[in-house]
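All remarks here apply to the structure that follows.
The values are calculated or read from the model by the stated rules, or taken from the named source; none is laboratory data. This structure is a prediction, so every number in the text was calculated from the model and none was measured. Using ideal geometry, Cβ is built from the backbone for each residue, glycine included, and neighbour counts are taken over all protein chains shown. Keep in mind that these areas ignore ligands, DNA and RNA; they rest on the heavy atoms of the full protein, side chains included. Shrake-Rupley method; radii C 1.70, N 1.55, O 1.52, S 1.80 Å.
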There are 2 protein chains.
Amino acid sequence: MTRRRSTLVSAVLAVPWIATAALAADLHQQVRAWRVAHEKVIVGELMGLLALPNVATRVADVEKNADHLTEMLKRRGFEVRRLTAAPGTPPALVGDLRVPGAKRTVVFYAHFDGQPVDQKGWLSDPFKPLLRTGPLGGEVKEVDLAKVEGPLNPEWRIYARSASDDKSPIVAILSALDALRASGVQPSVNLKLFLEGEEEQGSGHLTEILRQNLDLLKADAWILCDGPVHPSRRMEVFYGARGVTGLELTVYGPLRPLHSGHYGNWAPNPAVTLAHLVASLRDEEGRILIPGFYDDVRPLNAAEKAAVAAMPPVEEKLRDELALGRTEGSGGRLQERLMDPALNVRGLRSAEVGEGAANAIPTEAQVSIDFRLVPDQTPQKVRDRVESFLRSQGWTLVTEAPSPETRRSHPKVARVAWSLDYAAARTDMSLPVSRAVAAVVDRAAGSAIQVPMLGGSVPMVLFTETLKVPVIGVPIVNHDNNQHGINENLRLQNLWDGIEVFAALMAELGQEWR
Amino acid sequence: MTRRRSTLVSAVLAVPWIATAALAADLHQQVRAWRVAHEKVIVGELMGLLALPNVATRVADVEKNADHLTEMLKRRGFEVRRLTAAPGTPPALVGDLRVPGAKRTVVFYAHFDGQPVDQKGWLSDPFKPLLRTGPLGGEVKEVDLAKVEGPLNPEWRIYARSASDDKSPIVAILSALDALRASGVQPSVNLKLFLEGEEEQGSGHLTEILRQNLDLLKADAWILCDGPVHPSRRMEVFYGARGVTGLELTVYGPLRPLHSGHYGNWAPNPAVTLAHLVASLRDEEGRILIPGFYDDVRPLNAAEKAAVAAMPPVEEKLRDELALGRTEGSGGRLQERLMDPALNVRGLRSAEVGEGAANAIPTEAQVSIDFRLVPDQTPQKVRDRVESFLRSQGWTLVTEAPSPETRRSHPKVARVAWSLDYAAARTDMSLPVSRAVAAVVDRAAGSAIQVPMLGGSVPMVLFTETLKVPVIGVPIVNHDNNQHGINENLRLQNLWDGIEVFAALMAELGQEWR
């Protein structure tokens, strides 16, 4: 595509969808042809980036990645700034690429720090990226990139820490831009890249960085390029993510373990008390029994309901794979269930079971819980409701291990320890930008799955709340990437798909956004 | 007392209680005087017995103890038989001492095997018995028995494995007989000693030994000389003990841990299911909710109720000591609560809590339970009721880890593993022998606590069921004896009290039994 064609694309704003699709198909072919011709270069650039150790806790390593990325961005004409919340904290990078005549600005988000690599079982050095002929096991072999001719087998995989999470989206974005340029196509929106260096550490300074740079980060939408695509390998777009908050709850019995024969039926058994407490919080179908818990739940709108209904069925396969004889929610579909708030018991612990069990009354019992939140719940509101409910049930709540005096003077004492994580976020699927992203990705990827809200938690709310901007997720990497684990990997086809989708977004979003 | 006086004692059968008490007081003084004069001999004999290693799992050691005891019994004129259920199993000893003119036969039970001594923290060799000036800690010193003059300080203690559990009752019984003989008093009943060599191993061959020797063991009552006296140091008599049975119950979720964000609210959470299951079994006051569970409970009779009411109050002290802000049973007294069956949760386990907890749905959850049974419940009946109840709640019960196919094809699968231990036993306190033992011990010890049934479990039922004989417990050792633990010890005053109580039982039971 040349500037002339770019003008032509601008001119189609008013033409019907078929024409846009036809032009888009033409662009997609050019991007693909460019990629096929440059596969070894693209993979080489990614492997160069992956060779830099990036464990999030090592700030010096993270800074070297920032240096390397700065050069990669500058080569593409980005104006690059390095942002830190405070000295010695991991940097973020902002790359800025203005497009003459573009009315809107879109920020692509990815992160370049990675999880630790201490786990045993890595089959090759996590920071010596290696190409193999497929997933591990069976006949998989190593491939020497220097010795093969393109095009590469798209089922081959690159093995390294952050191969999937989350360096490959960065290379996909930059390659998409290269492909557009080679095709003579100008992006349809101003582009910014926001590359975080602290995501795997919990994004502790992200909000501060955003707050300090509101003007610099001003945009009409953010595209989050993190996370895997659907297990069916179909591309997906997500518009929200549930929030999360954690609760450790400990209840108490006698100060020392007591002979159950000599004291049972009289000294309170904390394991029994805990069982009743857990049962009072939620039923076996997943319904949370805390009064008012659902009051803050914003219902799905028509577009979101339609999207949930259109998601591919996975229940039968999962039931078989996981050997489930029943499911919660009275047989409701998984995707529907993930749109509701949830109370998950992560673990239970009181004294010992099995061989190690003694005929004794335990001294305490603990439950570990995570709550998944939906808009407009907040961790603080959930905390207040849970604590009010427990107090109404006769519990005295403490935040430290209670003294014998405290235990003696209150019938029921529970220690609560909250990890107040973050709220949910959900960008309205019927917003113009939402419909535009959906249309572009759908066309580029050949029918993408539209997910109103991820069941899992991603801190989208940090962006939506701080920047007051629509945020939409467009993940590209394979679901079976071992992210956070050993032998993390990226399937090449996912990188190719990512380049095509990102190129389409850059080239077409401005026109589609109406 | 001479034979003449013995005749006199026989002659008082019809005279009022005051006269008996006066004569008894006379005898008690003689027994005490004999003991004071022979303290070093008595302690020396006990220490000789304690010097023999007797860990229950080492049959050869147990047999050496049996040899030594055989000689001790023969010296007192007992006819001794060694009983084994099968070759290579630990022996029991029966000593027989006929008393001319005695109408009734009483068996005194004790055991001579001991717990293992592997624990760290023994301050002296568990099989080199050592006399110290008191309980460990503070100013306690070692005493060289050879270098001190009697009478010994009654607060001194003998440290050795089985010093309390259960060799000292054997020496107390034999010393009681020596004291009677020295006083010229003939026992009022035929005496048998049944000395078990496998108690600490679970009495696996006891029933078989009893069954094989019904004629030899024929008697009118058994006196169990095992266990500690009341923590107040008052002597106690117990007429029964609750039974016990254990249950390990495991419930299942997905085959592998699942991300709680992506699968929660849909894949069943086994920790939640287990909490509901436990809550369905009993309430927070200790009430067991299984239908029919109390149907087999034999109510206390008037004598038993009166005895429970007369037991010394311990609640306030225990509440303070154990820092209990409430008790189960809506404020009922401990001793009353111990007369009911109980369901105790020994432990809970599902995945991890605290630092180790993951935002995941666990694959399984386990609860360990012990039931305390009362007459006329049996482990089998309890098992049937629990399993029927669980089935009525939709549970499919299995006894091995269920296959994926089993988990897939049943909504709720629970693995049950029972340890079918033994039933309760309770000898009627209003039987003539019960009233006689109560009166004799009460008089000899100066007001003993009468306990209709121990809250803890002792396999009295093996005797009552196999031999169809009343069984009554008369423990003598101090409650703070570290039995089963390190630095097991016996307080000398408890040995002296035991000699006096056993002498009184031997001399007076025949007359009091009417």
Of the candidates B:S260, B:S280, B:S232, B:S203, the one satisfying the condition of being among the polar types (S, T, N, Q), in contact (Cβ under 8 Å) with a residue 12 or more places away in the chain and at positive phi is B:S203
Selection from the stretch A:443-481 of residues touching a residue at least 60 places away in the same chain (Cβ under 8 Å), charged (D, E, K, R) and touching a strand residue (DSSP E or B) at 6+ places or on another chain (Cβ under 9 Å) yields A:D480
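One line per residue, one yes/no per condition, for (1) free of Cβ contacts under 8 Å to residues at least 24 places away in the same chain; (2) of a type outside the set (G, A, S):
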residue: B:E352; (1), (2): yes, yes
residue: B:R407; (1), (2): no, yes
residue: B:A417; (1), (2): no, no
residue: B:A439; (1), (2): no, no
- Within the stretch B:177-184, can one find any residue that is buried (at least 24 other Cβ atoms within 10 Å of the Cβ) and hydroxyl-bearing (S, T, Y)? no
A:V297 meets each of (1) facing another protein chain (nearest Cβ under 9 Å); (2) open to solvent by 20 Å² or more (accessible area, probe 1.4 Å) with one exception, condition (1)
The stretch A:364-456: helices (runs of 4 or more DSSP H) wholly inside it with 1 or more residues that are over 30 Å from A:A307 (Cβ atoms), of a type in the set (A, V, I, L, M, F, W, C) and out of contact with any Asp or Glu (no Cβ under 9 Å at 6 or more places or on another chain) are A:379-392
Out of (1) more than 8 Å from chain B (Cβ to nearest Cβ); (2) buried (at least 17 other Cβ atoms within 10 Å of the Cβ); (3) within 29 Å of the chain's Cα centre (by Cα); (4) not polar (S, T, N, Q), the one A:A414 does not meet is (3)
Just one listed residue, out of B:E352, B:E400, B:E405, is out of contact with any His (no Cβ under 7 Å at 6 or more places or on another chain), over 25 Å from A:R319 (Cβ atoms) and either surrounded by fewer than 20 Cβ atoms within 10 Å (Cβ to Cβ) or modelled with pLDDT under 95 (or both), and it is B:E352
How many residues of the stretch A:103-133 are open to solvent by less than 10 Å² (accessible area, probe 1.4 Å) and charged (D, E, K, R)? The answer is 1
- Item | Boolean, A:V458 is at pLDDT 95 or above and among the β-branched types (V, I, T) | no
Looking across the stretch A:359-372 at residues that are under 33 Å from the mean Cα position of the chain (by Cα) and more than 8 Å from chain B (Cβ to nearest Cβ), the single one that is farthest from A:M460 (Cα to Cα) is A:I369
Expected single match for modelled with pLDDT under 85, within 30 Å of A:W513 (Cα to Cα) and surrounded by 14 or more Cβ atoms within 10 Å (Cβ to Cβ) among A:A24, A:A92, A:A14, A:A19 is A:A24
The residue that is farthest from A:G246 (Cα to Cα), considering only those in the stretch B:275-284 that are in contact with a Leu (Cβ under 9 Å, 6 or more places away or on another chain) and within 7 Å of chain A (Cβ to nearest Cβ), is B:R282
Going through (1) more than 8 Å from chain B (Cβ to nearest Cβ); (2) in contact with a Phe, Trp or Tyr (Cβ under 6 Å, 6 or more places away or on another chain) one by one, A:P375 fails only at (2)
Within the stretch B:325-337, of all residues that are within 7 Å of chain A (Cβ to nearest Cβ) and open to solvent by 10 Å² or more (accessible area, probe 1.4 Å), the one farthest from B:V382 (Cα to Cα) is B:G325
Going through the stretch A:206-261 in order, the residues found to be in contact with an Asp or Glu (Cβ under 6 Å, 6 or more places away or on another chain), within 30 Å of A:R435 (Cα to Cα) and part of a strand (DSSP E or B) are A:V244
In the stretch B:256-273, anything within 7 Å of chain A (Cβ to nearest Cβ) and more than 21 Å from A:H230 (Cα to Cα) is listed as B:P268, B:N269, B:A271, B:V272, B:T273
- Would the stretch B:59-76 turn up any residue that is within 25 Å of the chain's Cα centre (by Cα), open to solvent by less than 20 Å² (accessible area, probe 1.4 Å) and either modelled with pLDDT under 95 or of a type in the set (G, A, S) (or both)? yes
Per the filter on the stretch B:262-297, residues touching a strand residue (DSSP E or B) at 6+ places or on another chain (Cβ under 7 Å) and in a helix (DSSP H, G or I) are B:H262, B:Y263, B:P270, B:A271, B:V272, B:T273, B:L274, B:L277, B:V278, B:L281
Among residues of the stretch B:283-337 being touching a residue at least 24 places away in the same chain (Cβ under 8 Å) and among the polar types (S, T, N, Q), the residue nearest to B:G455 (Cα to Cα) is B:Q335
**Prompt:** Does the stretch B:301-314 contain any residue that is part of a helix (DSSP H, G or I), closer than 25 Å to B:L343 by Cβ, open to solvent by less than 30 Å² (accessible area, probe 1.4 Å) and within 7 Å of chain A (Cβ to nearest Cβ)?
**Reply:** no
Over the stretch B:471-486, the set of residues on the phi < 0 side of the Ramachandran plot, open to solvent by 30 Å² or more (accessible area, probe 1.4 Å) and of a type outside the set (S, T, N, Q) is B:H479, B:D480, B:I486
If we keep only residues of the stretch B:338-358 that are aliphatic (A, V, I, L, M) and more than 7 Å from chain A (Cβ to nearest Cβ), then the residue farthest from the chain's Cα centre (by Cα) is B:L343
Checking B:L152, B:L180, B:L193 in turn, the sole residue that is in contact (Cβ under 8 Å) with a residue 12 or more places away in the chain and within 23 Å of B:K64 (Cβ to Cβ) turns out to be B:L193
For the stretch B:237-255 the number of residues that are at the interface with chain A (Cβ under 7 Å from one of its Cβ atoms), more than 27 Å from the chain's Cα centre (by Cα) and not aliphatic (A, V, I, L, M) is 1
